[in-house]
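The values are calculated or read from the model by the stated rules, or taken from the named source; none is laboratory data. Predicted model only: the values in this text are computed from it and were never measured. Every residue, glycine as well, gets a Cβ built from its backbone with ideal geometry; the counts of neighbours run over all protein chains shown. Accessible surface is based on the protein model in full, side chains and every heavy atom, while ligands, DNA and RNA are left aside. Shrake-Rupley method; radii C 1.70, N 1.55, O 1.52, S 1.80 Å.
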Amino acid sequence: MHERSSDDVREEHVRAVAGRLRAARAVTVLTGAGVSAASGVPTFRGRDGLWRRRRVEELATPAAFARDPRTVWEWYAERRAAVARCVPNAAHEVLSRWSRELPGFLLVTQNVDGLHERAGTADVVRFHGSLWEVGCWAGCAGVPRRWRDERVAFDDLPPRCPSCGAPLRPGVVWFGEAIPTEALERLEQALACELFLVVGTSAVVYPAAGLLDAAAARGAFTVEVNPFATDASGRVDLALRGPAEDVLARVDAVLRGAPG
Ligand code: BJW
Ligand code: ZN
């Protein structure tokens with residue numbers, strides 16, 4: 001199913017990462033869409049990343065929503081329905097276990113699909129919001145700023161604010177919008193780590209992509225897990241060139257086995 005396997009990821013590198021995971025007092029993992037690829041969730045910038053021949057940079061903006069909320073909502077409604085049919089894969093499961101078992105572990109995700117949460121990950125920092133939240137586009141005072149909404153079918157698009165009737169907006173972060181305060185408040189903790197893993201992201205979207213350099217500047221050892229080279233590849237201490245669900249499972253097997 002995958003174009004690449006982790007067969008060409010050297011065992012000594014897998015062991016090196018497991019050793020660092022075991023020894024580190026604090027570990028941060030930044031994930032992107034590639035972590036959910038094996039669950040069947042399309043990535044943004046791969047071959048399957050286009051929706052009706054549009055790029056994410058054209059759809060995921062406040063201006064696109066203001067111009068045509070119905071079309072933007074059609075994209076989100078389709079993605080909700082698709083993600084609802086997906087289940088977490090081995091990468092989510094391993095990260096969930098680490099979040100519960102490794103001291104000082106923190107997961108920061110750019111993903112909005114909720115699969116880390118469904119895998120039972122403790123304390124997920126959501127950098128780009130959630131597909132499963134909405135807010136009032138008019139920002140009216142009659143409703144909270146964001147609330148959970150798990151509908152996968154809508155009578156009419158865009159859905160409307162129950163208080164003022166303005167369109168509801170997806171609870172995600174679009175280009176030009178600020179990262180949620182709750183996520184920014186966790187940055188100090190996220191960067192104060194000894195090991196920083198960047199998994200399944202093209203590392204082109206900022207400020208998320210910059211966390212890697214900020215952690216490295218503070219002394220973290222940095223590792224990339226991705227089947228392909230990315231913007232981050234030249235900036236990490238170690239690149240494991242394979243799919244997350246495979247590479248992380250291998251690291252986890254070493255971690256759980258006899259000390260190497
Ligand atoms: C596998 C795999 C497998 C495949 N295993 N891997 C410089 C500094 C700071 C900001 C900027 C800057 N230059 C430009 C900016 C602005 C902009 C930006 O970064 N633009 C760039 C495109 C140039 N950033 C913003 O606008 C951000 N906000 C901001 O800067 O605010 C400033 C501000 C401050 C104060 C007040 C107001 C404003 C916001 C960015 C929001 C991004 N939002 C999106 C959409 C979310 C909603 C939705 O989902 O619809 O987030 S865009 C989209 O990209 C989504 C993703 O989270 C994000 C990252 O994508 P990701 O996860 O990396 O996916 P892909 O598809 O790119 O990559 C997948 C990878 O997986 C690939 O590498 C594959 O190889 C790999 N893979 N299978 C492991 N099995
Ligand atoms: Zn409203």
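Observations, loosely collected:
- Angle of helix 244-256 to the longest C-alpha principal axis of the chain, folded into 0 to 90 degrees and rounded to 10: 50°.
- Probe 1.4 Å - accessible area at R256, Å² to nearest ten: 140 Å²
- Estimated FRET transfer efficiency (R15, F228; beta-carbon r; R0 25 Å; 0.05): 0.60
- For the chain, the equivalent ellipsoid derived from the alpha-carbon gyration tensor has semi-axes of 34, 19, 16 Å in decreasing order.
- Surface composition of the range 22-80: carbon and sulfur make up 49 percent of the accessible area, probe 1.4 Å.
- The phi torsions of the range 54-65, fed into the Karplus equation with coefficients 6.51, -1.76 and 1.60 and a -60° offset, translate into couplings of 9, 8, 4, 5, 8, 9, 8, 9, x, 5, 4, 5 Hz, rounded to whole numbers, with Gly and Pro shown as x.
- q = 0.14, 0.17 Å⁻¹: log10 I(q)/I(0) that the Debye formula gives for the range 1-154, counting C-alpha atoms only: -0.83, -1.12
- A Cβ-based charge dipole, computed about the Cα centre of the chain with Lys and Arg at +1 and Asp and Glu at -1, lands at about 240 debye.
- Ordered by solvent-accessible area of protein heavy atoms (1.4 Å probe), largest first, the residues C140, C161 come out as C140, C161.
- In order along the range 36-48, the Karplus-derived 3J(HN,Hα) couplings, from 6.51 cos²θ - 1.76 cosθ + 1.60 at θ = phi - 60°, round to 9, 4, 6, 7, x, 8, x, 6, 7, 10, x, 4, 8 Hz, and Gly and Pro are given as x.
- Unit Cα scatterers, Debye sum, the range 110-260: log10 I(q)/I(0) for q = 0.09, 0.13, 0.15, 0.19 Å⁻¹: -0.39, -0.74, -0.91, -1.24
- Near L240, the amide H atoms lying under 5 Å from its own belong to E224, V225, N226; only residues 5 or more places off or on other chains count, and H is placed 1.01 Å from N.
- Normalised by the number of residues in the range 44-123, the average gap of Cα pairs under 8 Å and 6 or more apart makes the relative contact order 23 percent.
- Label point distance in nm, A141-A217, each placed 7 Å from Cα along Cα→Cβ: 4.1 nm
- Placing +1 on the Cβ of every Lys and Arg and -1 on the Cβ of every Asp and Glu, with nothing else charged, gives the range 144-260 a dipole about its Cα centre of roughly 140 debye.
- For the range 122-166, the carbon plus sulfur part of the accessible surface works out to 47%, probe radius 1.4 Å.
- Gaussian network model of the chain, springs between alpha carbon atoms under 10 Å - residue of V143, V29, V83 with greatest fluctuation: V143
- Exposure ranking of E11, E57 by accessible area [1.4 Å probe, largest first]: E11, E57
- Based on C-alpha pairs under 8 angstrom that are at least 6 apart in sequence, the chain has a relative contact order of 27 percent.
- Amide H contacts under 5 Å for E133, placed H, 5+ residues apart: D149, G171
- Applying a 4.7 Å Cβ-Cβ cutoff to the chain, the cysteines left without a disulfide-compatible partner are C86, C193.
- Where the range 98-206 is the region considered: accessible area per residue in Å², 1.4 Å probe: 45 Å²
- 0 to 90° range, to nearest 10: angle between helix 11-23 axis and the chain longest Cα axis: 80 degrees
- Under the simplified labelling scheme, the V152-R235 pair shows an inter-label distance of 3.7 nm, with each label point 7 Å from Cα along Cα→Cβ.
- Helix 69-84 vs. the chain, principal-axis angle (Cα, 0 to 90°, nearest 10): 40 degrees
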